[in-house]
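Only one structure is covered here, and it is reproduced in the block below.
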Amino acid sequence: MRDPVVVIGSGATGVHFAQTALELGRKVVMLDVGFSKPATALPNASLNQLKEQLPDPVGYFLGEEFESLILPDASSEYYGFPPSKSYVFRELPGYDVNARGMAPLFSFATGGLAQAWTGGCYPFSAAELADFPFGWSELEPGYSEVAERIGVSGSTSDALAAFFPAHDGLLSPIELDRHSRRLLDVYRAKQHTLSSSHGFYMGHARLASLSRAHRGRKACSFSGRCLWGCPNQALYTPSITLELCKSHPNFEYIGGARADHFRFDAGNRVTHVVFESVRGGESITRDVGTLVLCAGTLASGRILLESLLRAGVQTELTGLMDNRQVLMPFVNLRQVGEAFEERSYQYHQLAIGVPGEQPLDYVHGLITALTTAMIHPVVQTLPVAARTALALFRNIHAALGLVNINFADTRRADNRLGLELDARGRSTRLLVDYHPEPHEAERVTPMIKRFRKFLAAIGCLAPPNMTRWRALGASVHYAGTLPMCETGPDLTTDRSGRCRPFDNLLCADGSTFPALPAKNLTFTLMANATRIAHAAFG
Amino acid sequence: MTPAAPLRAEREEPRAQLHPGAASLALEHQRLARYLLAVRVTPYQIDKYIAFHRTRPLRPRSAFDALLMALARSGDLGLLLADAYSGTLYRASLLRVKLTLTLAILECSPPSFSAIDAPDRGGRLAYLHLSWAVLEAALVLVCACALLAPVHAWVTLTASRQQSDS
């Protein structure tokens, strides 16, 4: 693989691929649209101090146009998207998508979609990697290397150890808030019974949040500002690694650039990448030694399809996957009447593992104790008068929690990416077509009931009418359109991420995953991108 | 409920705004905040309430929705009954939108956010307090249903007849 190494995208996979390539002595060019993050407001203030000290706190928390206000609507989420992270999902004019069956999210921000992630770092087990053309021993170094870079905290000695393999670089767990600690204590007191009768295992979450200072970043200060953006970088986001790459002399960052397609010769060698300036719309061509697609499953797929179309090949990519998620709010009856803790970490601190007969039957749960999230989205869902709902809420605020239940997905031929064409055969929109498996309800509904029973067993009430299936696309865990396999046809990838039939085209994002377990996949994306970079240049 | 700031008998004059209806919106926000949390609102919070209506003018969705708003504006008892009915049986009401907006502003800004953070009673008394709140709410809902359900049915029927006639 030759220089220059041109990486498309600055998300979780792009930055770790780039960093590894730089460390191995390569010259890296990164093309990125790169909408940038706003400056952090009052970085030393806690959440309540922000409310007191900001000149316009309503603008900060609800948006200048109240775009983060959640008004009464049966289908609304339990939390609004904060304005300070609106740059992550800022639309790119002219980037049109026709999505059927799901509502996909795209990011053109520096750092990509993971700028808004919740930090879960759950390595895939050996069994979950069964469909991949490599095993745990080949991926573990990637997990260890990334963990050392970004700082991952968690436990290797609790009930979840069997589901989350150990790797190097793990810091001690983040200090639990009172609610999470109580949940874990209750579970541990009855662990044997709960695990044997319910088949549920609970323990510390694995998080890309620092429990102590690490590589120049400070430990979590429990300011409660997680949802609005960690003010001191204790929670890892890919923009941190991007800044490190930018300090390297062999790294060239080209922002404001949307990669449109690449050109290749008769020998299937990629020769150039063509990108457009988002400011002026002009097309720019750049030589390529090695091209690396890290724009995310949907955007990378579009670039590939556009490239083939321009070479006279109209095709589609099948096997698109997405994790179904179900949100289950609950009330911890032991916490009712407790005072709200201002000093807190707002993302999930506990996880639940529910094994099944097969590795992909494993269901993954994330438990978040409600602390500093906006309350009006939750209050207005209660089927009572607003004043009553608020009075109830104030007394159960410290008792509220949410389980995010994640389900695995598999590749199916009717889930695909394609290009819609105009009368002249030019592409106009990306077509995303996704359908859940026909018997999904038979898998999901009984599991929801099991979660409810388990929560009841640890003293938590989960009202059935408040459990919500999130719309497909909301997980932002897209994968599977260029699956890795030892041998395979064109438009699959080999174990080193090389996209067949091209010699010098690598794909390092979720496109390459042949299966999608229930665990959050971002950590595995980063580890795999690092592994691919080592395979290419090591 | 423990108010965040003591209520005064005299009304505070709302800030004059250049938005038509600004004065009535200011009074409306004050009433809703007092109703929800027994707090007084600040000029900043009033400005934000008015600003929302400037960007997203709100209108009743139906004749019954308009009637519910009129009941809410008639006085404290009317607001109580309208909130109870809409909270359970007419959840897409304009009143609920305004109450949610008021709550969102109160939770984001001082000094009212601290009133939302504190429980009324700690420990086991919390369950007694919650039980009383639920019982009180149920009684109000029964009264609201007795008053409003027939009206709701009649207004809905009249509207559908008019629609089919036209």
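Among strands (runs of 3 or more DSSP E) entirely within segment A:398-453, having at least 3 residues that are over 30 Å from A:Gly224 (Cα atoms) singles out A:416-421, A:427-433. Scanning segment A:56-75 for residues that are small (Gly, Ala, Ser) and either at pLDDT 85 or above or within 21 Å of B:His53 (Cα to Cα) (or both) yields A:Gly59, A:Gly63, A:Ser68. Note on segment A:380-425: residues that are of a type in the set (Lys, Arg) and either within 29 Å of A:Arg182 (Cα to Cα) or touching a residue at least 24 places away in the same chain (Cβ under 8 Å) (or both) total 4. In the condition set (1) of a type outside the set (Val, Ile, Thr); (2) buried (at least 16 other Cβ atoms within 10 Å of the Cβ); (3) touching a His at 6+ places or on another chain (Cβ under 7 Å), A:Lys453 is compliant with all but (2).
Given the structure, is A:Glu128 in a loop (DSSP other than H, G, I, E, B), in contact (Cβ under 8 Å) with a residue 40 or more places away in the chain and touching a helix residue (DSSP H, G or I) at 6+ places or on another chain (Cβ under 6 Å)? Walk me through it before giving the result.
Values: in a loop (DSSP other than H, G, I, E, B): yes; in contact (Cβ under 8 Å) with a residue 40 or more places away in the chain: yes; touching a helix residue (DSSP H, G or I) at 6+ places or on another chain (Cβ under 6 Å): yes.
Against the criterion (in a loop (DSSP other than H, G, I, E, B), in contact (Cβ under 8 Å) with a residue 40 or more places away in the chain and touching a helix residue (DSSP H, G or I) at 6+ places or on another chain (Cβ under 6 Å)), A:Glu128 qualifies.
Scanning segment A:229-253 for residues that are part of a strand (DSSP E or B) and surrounded by fewer than 22 Cβ atoms within 10 Å (Cβ to Cβ) gives A:Phe251, A:Glu252, A:Tyr253.
Got at least one residue in segment B:62-69 being more than 24 Å from A:Phe66 (Cα to Cα) and outside any helix (DSSP H, G or I)? Within segment B:62-69 (the criterion being more than 24 Å from A:Phe66 (Cα to Cα) and outside any helix (DSSP H, G or I)), the answer is yes, since at least one residue qualifies.
Residues are listed down the side, and each one gets a yes or a no for (1) closer than 30 Å to A:Met466 by Cα; (2) within 25 Å of the chain's Cα centre (by Cα):
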residue: A:Ala259; (1), (2): no, yes
residue: A:Leu293; (1), (2): no, yes
residue: A:Leu305; (1), (2): no, yes
residue: A:Leu309; (1), (2): no, no
residue: A:Glu316; (1), (2): no, yes
residue: A:Val336; (1), (2): yes, no
residue: A:Ala339; (1), (2): yes, no
residue: A:Tyr345; (1), (2): yes, yes
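The set of residues from segment B:47-58 being away from chain A (no Cβ under 11 Å) and either under 20 Å from B:Pro110 (Cβ atoms) or buried (at least 19 other Cβ atoms within 10 Å of the Cβ) (or both) comprises just one member, B:Ile50.
Only one residue in A:Val28, A:Val58 is in contact (Cβ under 8 Å) with a residue 24 or more places away in the chain and among the β-branched types (Val, Ile, Thr). Which one?
Details: A:Val58 fails: in contact (Cβ under 8 Å) with a residue 24 or more places away in the chain.
Of the residues listed, the single one that is in contact (Cβ under 8 Å) with a residue 24 or more places away in the chain and among the β-branched types (Val, Ile, Thr) is A:Val28.
For B:Val151, state whether it is free of Cβ contacts under 8 Å to residues at least 40 places away in the same chain, more than 9 Å from every other protein chain (Cβ to nearest Cβ) and among the aliphatic types (A, V, I, L, M). Against the criterion (free of Cβ contacts under 8 Å to residues at least 40 places away in the same chain, more than 9 Å from every other protein chain (Cβ to nearest Cβ) and among the aliphatic types (A, V, I, L, M)), B:Val151 does not qualify.
If the condition is being in contact with a Pro (Cβ under 9 Å, 6 or more places away or on another chain) and surrounded by 15 or more Cβ atoms within 10 Å (Cβ to Cβ), then segment A:269-294 contributes A:Val278, A:Arg286, A:Val288, A:Gly289, A:Thr290. Candidates in segment B:62-86 are the residues that are of a type outside the set (Ser, Thr, Tyr) and at the interface with chain A (Cβ under 10 Å from one of its Cβ atoms); of these, the one that is surrounded by the fewest Cβ atoms within 10 Å (Cβ to Cβ) is B:Leu80. Checking each residue in segment B:104-117 for being in a loop (DSSP other than H, G, I, E, B) and either free of Cβ contacts under 8 Å to residues at least 12 places away in the same chain or at the interface with chain A (Cβ under 7 Å from one of its Cβ atoms) (or both) picks out B:Ser109, B:Pro110.
Within segment A:173-185, is even one residue under 22 Å from the mean Cα position of the chain (by Cα) and buried (at least 23 other Cβ atoms within 10 Å of the Cβ)? Taking every residue of segment A:173-185 in turn, at least one turns out to be under 22 Å from the mean Cα position of the chain (by Cα) and buried (at least 23 other Cβ atoms within 10 Å of the Cβ). The set of residues in segment A:186-217 that are among the aliphatic types (A, V, I, L, M), at pLDDT 95 or above and crowded, with 20+ Cβ neighbours inside 10 Å comprises A:Met202, A:Ala205, A:Leu207, A:Ala208, A:Leu210.
Can we say A:Thr381 is within 14 Å of another protein chain (Cβ to nearest Cβ), touching a Cys at 6+ places or on another chain (Cβ under 8 Å), under 30 Å from B:Ala137 (Cα atoms) and of a type outside the set (D, E, K, R)? Answer is no for this residue.
One residue is enough: does segment A:93-108 have a residue meeting the conditions hydroxyl-bearing (Ser, Thr, Tyr), over 25 Å from A:Val33 (Cα atoms) and modelled with pLDDT of 95 or more? Scanning segment A:93-108 turns up no residue that is hydroxyl-bearing (Ser, Thr, Tyr), over 25 Å from A:Val33 (Cα atoms) and modelled with pLDDT of 95 or more.
Residues that are charged (D, E, K, R): which strands (runs of 3 or more DSSP E) entirely in segment A:286-377 hold 1 or more of them? If you could, list the steps in order and put the result at the bottom.
Working: elements: A:290-293, A:324-332, A:350-354, A:363-369.
Per the criteria, A:324-332.
Filtered by the rule that a residue be surrounded by 16 or more Cβ atoms within 10 Å (Cβ to Cβ) and either aliphatic (A, V, I, L, M) or over 16 Å from the mean Cα position of the chain (by Cα) (or both), segment A:102-114 gives A:Met102, A:Leu105, A:Ala109, A:Leu113, A:Ala114. Of all residues in segment A:231-276, those being over 18 Å from A:Ser10 (Cβ atoms) and without any contact (Cβ under 8 Å) to a residue 12 or more places away in the chain number 3.
Among the residues of segment B:87-98, the ones that are more than 7 Å from chain A (Cβ to nearest Cβ) and in contact with an Asp or Glu (Cβ under 9 Å, 6 or more places away or on another chain) come to 5 in all. Only one entry in B:Leu125, B:Leu101, B:Leu141 is at the interface with another protein chain (Cβ under 8 Å from one of its Cβ atoms) and over 25 Å from A:Val336 (Cβ atoms), namely B:Leu101. Answer yes if at least one residue in segment A:2-16 is away from every other protein chain (no Cβ under 14 Å), more than 29 Å from A:Ser427 (Cα to Cα) and part of a loop (DSSP other than H, G, I, E, B), and no otherwise. Scanning segment A:2-16, I find at least one residue that is away from every other protein chain (no Cβ under 14 Å), more than 29 Å from A:Ser427 (Cα to Cα) and part of a loop (DSSP other than H, G, I, E, B), so the answer is yes.
Scanning segment A:321-337 turns up no residue that is buried (at least 19 other Cβ atoms within 10 Å of the Cβ) and within 16 Å of A:Ser10 (Cα to Cα).
The values are calculated or read from the model by the stated rules, or taken from the named source; none is laboratory data. As the structure is a prediction and not an experimental result, all values here were calculated from the model. Reconstructed Cβ throughout: ideal geometry from the backbone, glycine too, with neighbour counts over all protein chains shown.
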